[in-house]
């Protein structure tokens with residue numbers, strides 16, 4: 001039995017959705033046996049979690065953080 005297939009490659013362009021919200025957050029992952037786990041609130045700009053990390057480090061001496069950035073994307077077919 002012979003099977004024929006036609007493959008068509010389609011290009012897509014991915015861009016940030018200008019109407020979508022962008023958010024930043026930080027979480028402390030310092031600790032030997034167990035992570036601290038303290039989390040910042042969700043912020044609408046990248047400076048706020050940086051300030052939160054600096055303040056947390058000053059108060060606790062913790063120096064390792066996970067940063068999370070979230071946005072929305074649009075996918076468009078390129079002709």
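What shape does the range 18-78 have by the C-alpha gyration tensor, where a ≥ b ≥ c are the square roots of the eigenvalues, rounded means a/c under 1.5, and otherwise prolate means a/b greater than b/c and oblate the rest? Prolate, since a/c reaches 1.5 and a/b exceeds b/c. Taking 0.36 nm per residue of sequence separation and removing the Cα-Cα distance, the residue 60/residue 19 pair yields an extension gain of 11.0 nm.
Starting from the Cα gyration tensor of the range 1-41, take the square roots of the eigenvalues, sort them a ≥ b ≥ c, and report rounded, prolate or oblate (rounded when a/c is under 1.5, otherwise prolate if a/b is larger than b/c, else oblate).
oblate
Bear in mind these aren't lab numbers, they're just calculated from the coordinates by the rules spelled out. No experiment lies behind these values; they were computed from the predicted model shown.
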